[in-house]
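Some notes on the structure that comes next.
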Amino acid sequence: MSALPLRRPPATNEFPTANAAPARVDGALLARLSAQFAATAADHDRSGAFPRQNFDALQSHGLVGLLAPTAHGGGGATLATARRVIAAVARGEPATALILTMTYLQHHALARSDSRWPPHLRERVLRDAVEHGALINALRVEPALGSPARGGLPATVARREGNGWKIDGHKLYTTGIEGLSWLAVWARTDEAAPRTGVFLVPRHAPGVRVIASWDHLGLRASGSHEVVFENVAIDLDHAVDLRAPADWAPDAGSQTDIDAHATQQAWMTVLLGSLYDAVAQAANDWLTGFLNRRAPGSLGAPLASLPRVQEHVGEIAALLRTNRVLLDDAARAVDEGHAQPATESGLLKYTVTDNAVRVVEIALQLSGNHGLARQNPLERHHRDVLCSRIHTPQNDAILIAAGARALQSSGAAA
């Protein structure tokens, strides 16, 4: 059963953004995929291998190109639908969900009517996803720069040569690199007044070299290795979005740019929040089964019969309910055209991921040594959920921005 038909309409000169009725994804299909991915999640965690079979399954149901416009054969899906897919995938195998999230975020930005990318390249990337399951991610972090969200010019440089560009640089944490088809590379030009922006690079272009350095605590199958660019040639029009560095600030540019940034931040926090909330749900699934089965001889009844245990499981239920309400509300607001400001999206990420971490910590407290045993999945869920704390925006940046905004509002009202 396919989630949506893989249609292949003819190419057009104008980029279509209006969709037919957005795709809906069958809940039974998502449940089957969760179970299928969970069955091999421990193997992927041990090996760190790219979850290629998982993406083959996603593509067979039309889920890789779910966000592409319907005119290109995609689903034109809403954030609420994308959230359901990411949550289902993450409940089974979260590294797969992270790679898919990165592709969904790029597809959402490309499908917007105000995207600055050349229409033919937007169409090419989106059709490639629909027809071939091609994945894309942004490559931004560098050894010296760190995360661009903290400011600074990238060391990766694009220089004009003939009718194109040549790129040299070094990127870290390139999630999913072993399975990507397209790289949206953050770089600067070598002009006297450098511009910064995105260069679209085919993954297998000559000069793109992967350093297999990813050996992480959690999300091990995400394959977030290093990538080196050595004299990589791309066409001139693959400089898809170049601006003066100051114009990339969240509050710079036109109101359209500011709104686009807020909407993109909302998409990112909802999808990442859904991913880590799903990890917490998977931990809770295992915990409740364990508590109902485990019956110490000294007790003569399952651990689930103890009021103290019931209280803590009730706390988990409250944390998960809070996450569900916040994520559903944020997705609904975005889909209705009312994305919250970036500072509010940051607080959503802070709250949801802290709740998810707390859920897994409670599960470990209740399960004791059993929860830390490698033959049980809880220790893996714990390692995976801790990765939430390093995703942009990070907690210190979220709280500083929220605190500054609150103090400014208070000062203005005084």
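The values are calculated or read from the model by the stated rules, or taken from the named source; none is laboratory data. These figures come from a predicted structure and were not determined experimentally. Quick reminder, even Gly has a Cβ in these numbers, built from the backbone with ideal geometry, and neighbours come from all protein chains shown.
In the set Ala88, Ala82, Ala68, Ala57, only one residue is among the hydrophobic types (A, V, I, L, M, F, W, C), buried (at least 24 other Cβ atoms within 10 Å of the Cβ), closer than 22 Å to Ala282 by Cβ and touching a residue at least 12 places away in the same chain (Cβ under 8 Å); that residue is Ala82.
Scanning the stretch 358-379 for residues that are surrounded by fewer than 19 Cβ atoms within 10 Å (Cβ to Cβ) and under 19 Å from His391 (Cα atoms) returns a single hit, Arg358.
Of a type in the set (A, V, I, L, M) and not in a strand (DSSP E or B): which single residue out of Ala221, Ala233 fits that description? The match here is Ala221. One residue alone among Ala90, Ala28 is small (Gly, Ala, Ser), farther than 22 Å from Trp267 by Cβ and at pLDDT 95 or above, and that residue is Ala28. Against the numbered list (1) within 23 Å of Arg124 (Cβ to Cβ); (2) at pLDDT below 95; (3) among the small types (Gly, Ala, Ser), Gly74 comes up short only at (2). The set of residues in the stretch 27-47 that are basic (Lys, Arg) and under 20 Å from Arg380 (Cα atoms) contains only Arg46. Only residues that are on the phi > 0 side of the Ramachandran plot and either surrounded by fewer than 20 Cβ atoms within 10 Å (Cβ to Cβ) or assigned by TED's automatic domain parsing to the domain that holds Arg116 (or both) were counted across the stretch 174-215, and they come to 1. Applying the criterion of being surrounded by fewer than 14 Cβ atoms within 10 Å (Cβ to Cβ) and hydrophobic (A, V, I, L, M, F, W, C) to the residues of the stretch 301-342, the residue that is farthest from Ala82 (Cα to Cα) is Ala301.
Just one of the listed residues (Arg91, Arg84, Arg52, Arg32) is in the same structural domain as Ala111 (by TED's automatic domain parsing), farther than 20 Å from Ser388 by Cα, within 19 Å of the chain's Cα centre (by Cα) and basic (Lys, Arg), and it is Arg52.
Scanning the stretch 286-305 for residues that are polar (S, T, N, Q) and without any contact (Cβ under 8 Å) to a residue 12 or more places away in the chain yields Ser298, Ser305.
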